[in-house]
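Participant: Before I ask anything, here is the structure I am working with.
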Amino acid sequence: MPLIRDYIAEHERATNLGGDAVRALDRGDLAKAEQLLTAMGAELRCHWQGEENGLFAVMGRDELFAEHIDPLVREHRELDELLRTVDVTDPVDQSRVRAAVFALHEHIAKEEDSLFPASLTALGGDEWDASMQAWHAAHPGHAMIGE
Ligand SMILES: [Fe+2]
Ligand SMILES: [Fe+2]
């Protein structure tokens, strides 16, 4: 499924940026860390918009899935808040970034191991179309992988 392939590629880019940001913090390169966290936020905001307005919206019509989706959306908002307000010179924020990058891996595992596989059997053609449209709206001027 092309959409899922794009989501997974976005996860990989976001976790790579997060990992690089943590390594930049480790060596005290705060300017680099800040730049990487800004790029991570930009990558994730498009990703979240695509997920929340597309796949999550159509899957969330089913109560059973909504129960799992609501906490994922809360996690999006929490990480967004951190990435918008982070002060890389503050040791407390530095440890929040480390924890958040670790938590992002767990968040992504819930999507890639549970929600995405479930979507493949749960959704019909119209729902995939709506999910793809949301992805395109969230990534103006970009093509999907292989498109
Ligand atoms: Fe997510
Ligand atoms: Fe995701």
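The values are calculated or read from the model by the stated rules, or taken from the named source; none is laboratory data. Fair warning: this is a prediction, and the values are worked out from it, not measured in the lab. Cβ coordinates were reconstructed from backbone atoms using ideal geometry, including for glycine residues, and neighbour counts include every protein chain displayed. Heads up: the accessible areas ignore ligands, DNA and RNA and are worked out on the full protein's heavy atoms, side chains in. Shrake-Rupley method; radii C 1.70, N 1.55, O 1.52, S 1.80 Å.
Participant: Kindly provide the set of residues from the stretch 64-89 that are more than 16 Å from ligand 1 (Cβ to nearest atom) and open to solvent by less than 50 Å² (accessible area, probe 1.4 Å), ordered by number.
Facilitator: Applying the first criterion (more than 16 Å from ligand 1 (Cβ to nearest atom)) to the stretch 64-89 yields 64, 84-89.
Passing the criteria: Val86, Val88.
Participant: Let me ask another. Report, ordered by the first and then the second residue, all pairs with beta carbons closer than 7 Å, sequence separation of six or more or different chains, a first member in the stretch 1-24 that is among the hydroxyl-bearing types (Ser, Thr, Tyr), and a second member that is open to solvent by 40 Å² or more (accessible area, probe 1.4 Å) and part of a helix (DSSP H, G or I).
Facilitator: From the stretch 1-24, the pairs are Thr15/His105.
Participant: Go through the stretch 18-74 and report how many residues are among the basic types (Lys, Arg) and within 13 Å of ligand 2 (Cβ to nearest atom).
Facilitator: Of all residues in the stretch 18-74, those among the basic types (Lys, Arg) come to 23, 27, 32, 45, 61, 74.
Among the residues that remain, those that are also within 13 Å of ligand 2 (Cβ to nearest atom) are: 45.
Qualifying residue count for the region: 1.
Participant: Taking Arg98, is it more than 16 Å from ligand 2 (Cβ to nearest atom) and open to solvent by 40 Å² or more (accessible area, probe 1.4 Å)?
Facilitator: Here the answer is yes, as Arg98 does meet what is asked.
Participant: Can we say Arg5 is closer than 22 Å to Ala138 by Cα, within 14 Å of ligand 1 (Cβ to nearest atom), open to solvent by 10 Å² or more (accessible area, probe 1.4 Å) and not β-branched (Val, Ile, Thr)?
Facilitator: Judged against the criteria, Arg5 is not a match.
Participant: Every residue in the stretch 8-45 that is open to solvent by less than 50 Å² (accessible area, probe 1.4 Å), among the hydrophobic types (A, V, I, L, M, F, W, C) and within 16 Å of ligand 1 (Cβ to nearest atom), please.
Facilitator: Correct list: Ala9, Ala14, Leu17, Met40, Leu44.
Participant: Another question about this same structure. Being touching a helix residue (DSSP H, G or I) at 6+ places or on another chain (Cβ under 7 Å), open to solvent by less than 50 Å² (accessible area, probe 1.4 Å) and free of Cβ contacts under 8 Å to residues at least 40 places away in the same chain, is that true of even one residue in the stretch 132-143?
Facilitator: Within the stretch 132-143, none of the residues are touching a helix residue (DSSP H, G or I) at 6+ places or on another chain (Cβ under 7 Å), open to solvent by less than 50 Å² (accessible area, probe 1.4 Å) and free of Cβ contacts under 8 Å to residues at least 40 places away in the same chain.
Participant: Could you please let me know if Leu55 is open to solvent by less than 20 Å² (accessible area, probe 1.4 Å), under 25 Å from Pro2 (Cα atoms) and in contact (Cβ under 8 Å) with a residue 40 or more places away in the chain? If you could, list the steps in order and put the result at the bottom.
Facilitator: Details: open to solvent by less than 20 Å² (accessible area, probe 1.4 Å): yes; under 25 Å from Pro2 (Cα atoms): yes; in contact (Cβ under 8 Å) with a residue 40 or more places away in the chain: yes.
Answer is yes for this residue.
Participant: Count, please, the residues in the stretch 102-131 that happen to be open to solvent by 20 Å² or more (accessible area, probe 1.4 Å), assigned to a helix (DSSP H, G or I) and free of Cβ contacts under 8 Å to residues at least 60 places away in the same chain.
Facilitator: Number of matching residues: 13.
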